[in-house]
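The structure appears right after this line, and notes come after that.
The values are calculated or read from the model by the stated rules, or taken from the named source; none is laboratory data. Since this is a predicted model, take the numbers as computed values, not measurements. Neighbour counts are summed over all protein chains in view; Cβ atoms, including those assigned to glycine, are modelled from backbone coordinates with ideal geometry.
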Amino acid sequence: MIQFENVTKVYPTQKRPALNNVSIDVQKGEFVFLVGPSGSGKSTFLRLILKEEKPTKGRVHVAGKDLSRLSNWKVPHLRRRIGCVFQDFRLLPNKNVYENVAFALEVIGKPRRFIRKVVPEVVELVGLEGKGDRMPSELSGGEQQRVAIARAFVNRPQILLADEPTGNIDPATSIGIMKVLDRINRTGTTVVMATHDAAIVDSMRKRVIELEDGEVIRDQSRGVYGQAY
Ligand SMILES: Nc1ncnc2c1ncn2[C@@H]1O[C@H](COP(=O)(O)OP(=O)(O)OP(=O)(O)O)[C@@H](O)[C@H]1O
């Protein structure tokens with residue numbers, strides 16, 4: 001589903017590569033944690049998947065497509081197949097829960113009948129049934145992140161990228177967020193989550209890819225946050 005082949009990324013203003021000769025294969029339906037210190041290249045890895053950045057060397061394949069051969073006008077189509085969740089939720093403050101989720105479908109031209117059917121389903125999937133008419137300001141941080149996940153998933157993307165999704169949420173609430181991501185993963189969606197949250201990584205026992213200075217220093221199935229010797 002996601003394949004990095006000897007990928008090196010050097011930003012124009014930098015001498016050191018943000019990613020250095022990274023080769024990684026993520027299969028359809030996998031759940032992968034991306035860990036490593038600040039500046040190790042996690043966000044760069046996610047940006048390359050979205051074709052927000054191009055590799056300096058090497059190739060990135062996503063959903064069977066070689067991104068170097070994907071013309072610019074096809075990039076929005078690629079991004080529709082990838083849901084994104086961020087640390088800071090990024091909800092529209094003037095729209096309620098239902099409208100925030102529906103908006104993701106409206107902008108890609110889905111019919112109103114379809115939107116009316118699927119939005120409540122996804123709102124329920126993330127555990128927010130009965131809260132569809134709340135504004136983001138009337139929700140806890142954990143609930144806001146659930147809305148953001150619903151919005152990312154409502155179009156049933158093949159891949160969900162999450163960049164520090166529990167970064168602004170307390171540990172107890174984070175467990176609920178991880179249950180939602182796990183539920184989404186069980187529908188067959190490939191999940192890649194960048195995180196500094198050791199407790200979450202240790203509790204999930206999923207594949208862990210560790211970056212340091214842009215290099216993969218560990219790729220462990222059913223892994224933990226820190227190196228387990
Ligand atoms: N747009 C950019 N221009 C120049 N250098 C950049 C840019 N984005 C990232 N970098 C550099 O590339 C390296 C990797 O950064 P990246 O953001 O991928 O790390 P990260 O692991 O996601 O860090 P964090 O955990 O803090 O989010 C860092 O040295 C960073 O300063």
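Close Cβ contacts (under 8 Å, 6 or more residues apart or on different chains) running from residues in segment 41-53 that are farther than 16 Å from G214 by Cβ to residues that are surrounded by fewer than 24 Cβ atoms within 10 Å (Cβ to Cβ) and charged (D, E, K, R) comprise L50/R79; K51/R79. Within segment 30-37, at least one residue is modelled with pLDDT of 95 or more and of a type in the set (D, E, K, R).
Residue pairs, Cβ under 6 Å, 6 or more apart or interchain, first in segment 204-220 and without any contact (Cβ under 8 Å) to a residue 60 or more places away in the chain, second part of a loop (DSSP other than H, G, I, E, B). List them. Every condition considered, the pairs that remain are R205/R222.
Each row is one residue, and each column tells you yes or no for (1) surrounded by 19 or more Cβ atoms within 10 Å (Cβ to Cβ); (2) farther than 19 Å from I177 by Cβ; (3) touching a strand residue (DSSP E or B) at 6+ places or on another chain (Cβ under 8 Å).
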| position | (1), (2), (3) |
| --- | --- |
| I108 | no, yes, no |
| V118 | no, yes, no |
| E124 | no, no, no |
| L128 | yes, no, no |
| M135 | no, yes, no |
| L139 | yes, no, no |
| A148 | yes, no, yes |
| N155 | no, yes, yes |
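Only a single criterion out of (1) in a helix (DSSP H, G or I); (2) closer than 25 Å to V62 by Cα; (3) touching a Lys or Arg at 6+ places or on another chain (Cβ under 7 Å) is not satisfied by A152, namely (3). Out of the residues in segment 157-176 meeting the condition of being more than 13 Å from the chain's Cα centre (by Cα) and of a type outside the set (S, T, Y), tell me which one is nearest to the ligand (Cβ to nearest atom). It comes out as G167.
Just to be sure I understand the filter: pairs with C-beta atoms under 6 Å, separated by 6 or more residues or on different chains, first member in segment 97-122 and among the hydroxyl-bearing types (S, T, Y), second member at pLDDT 95 or above. Which pairs pass? That search, which allows pairs on different chains as well, returns Y98/V119; Y98/G132.
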